[in-house]
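Have a look at the structure below before the remarks.
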Amino acid sequence: MQHDVQRFRDFFAEDKFAASVGAVIESVSDKRVECSMALGDIHRNAGGGVQGGAIFTLADFTFAVACNSDYVLGRAETMSVGQNCSISYLKGTRGKVLYAESAVVSTGRKISVYRVHVRDDLGVNIAEMMCTAFRL
């Protein structure tokens, strides 16, 4: 089921860091969240590539939206926080936009696991992240 993306954008507008680097929620459903980030000079490292922290931030933000979707929708009483995240950087990007898509691997009463896939606008697989969330 597709959800009202504006409701999520309004809630996560309070994530000032993600907003400051340009992370945008594109779509939210029960099983999937997609976010994007247009790349600019602020995302570059000293060698001119996209900084690993920028890629991690987009993936982490996508994970945050996914693991808190029930809270935003009023189906959970408490928020979830990241307990563990492990990212593998696969390739650099020559693209202008990164996209991150979450998928639910497992959900439980307190612990949930998500996979986040990051690709660029050229279709290149950039990173994979496995995340564990803990419901407070």
**OP:** Rank these for me by crowding, 73, 122, going from fewest to most other beta carbons within 10 Å.
**Re:** 122, 73
Original post:
Which distance in Å, rounded to a whole number, links the C-alpha centroids of segment 87-128 and segment 21-50?
Top reply: 11
**OP:** Could you check which residue among 18, 46, 38 shows the biggest mean-square fluctuation in a GNM of the chain with a 10 Å Cα cutoff?
**Re:** 46
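Can you give the longest stretch of the chain with no exposed loop site, where a site means trypsin sites (Lys or Arg not before Pro) in a DSSP loop (not H, G, I, E or B) with at most 12 other C-beta atoms within 10 Å? Numbers along the way, then the final one.
Details: sites that count: 31, 75, 91, 94, 96, 109, 110.
Here the longest run is 32-74.
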**OP:** Specify whether the C-alpha gyration tensor of segment 84-136 places it in the rounded, prolate or oblate class, a ≥ b ≥ c being the square roots of the eigenvalues: rounded for a/c under 1.5, otherwise prolate if a/b is larger than b/c and oblate if not.
**Re:** prolate
**OP:** Please state the charge dipole magnitude for the chain, taken about the Cα centre, from unit charges on C-beta atoms (+1 on K and R, -1 on D and E), reported in debye and rounded to the nearest 20.
**Re:** 280
**OP:** Calculate one ³J(HN,Hα) per residue across segment 43-60 by plugging θ = phi - 60° into the Karplus curve 6.51 cos²θ - 1.76 cosθ + 1.60, and present them in order as whole Hz with x for glycine and proline.
**Re:** 8, 8, 8, 4, x, x, x, 6, 5, x, x, 5, 5, 4, 4, 4, 4, 5
Original post:
Suppose R0 equals 25 Å; then what is the FRET efficiency for residue 89 and residue 29 from their Cβ-Cβ distance, rounded to the nearest 0.05?
Top reply: 0.40
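Considering Cα pairs under 8 angstrom that are at least six residues apart, work out the relative contact order of the chain and quote it in whole percent.
23
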**OP:** State log₁₀ I(q)/I(0) for the chain at q = 0.09, 0.14, 0.20 Å⁻¹ as given by the Debye formula over alpha-carbon point scatterers of equal weight, solvent excluded.
**Re:** -0.24, -0.58, -1.16
**OP:** Mind checking the full-extension length gain between residue 13 and residue 51? Use 0.36 nm per residue of separation minus the Cα-Cα distance, one decimal, nm.
**Re:** 11.4 nm
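Read-outs: derived from the displayed coordinates by stated rules, not from any lab. Fair warning: this is a prediction, and the values are worked out from it, not measured in the lab. Neighbour counts run over all protein chains shown; Cβ positions are idealised from the backbone, glycine included.
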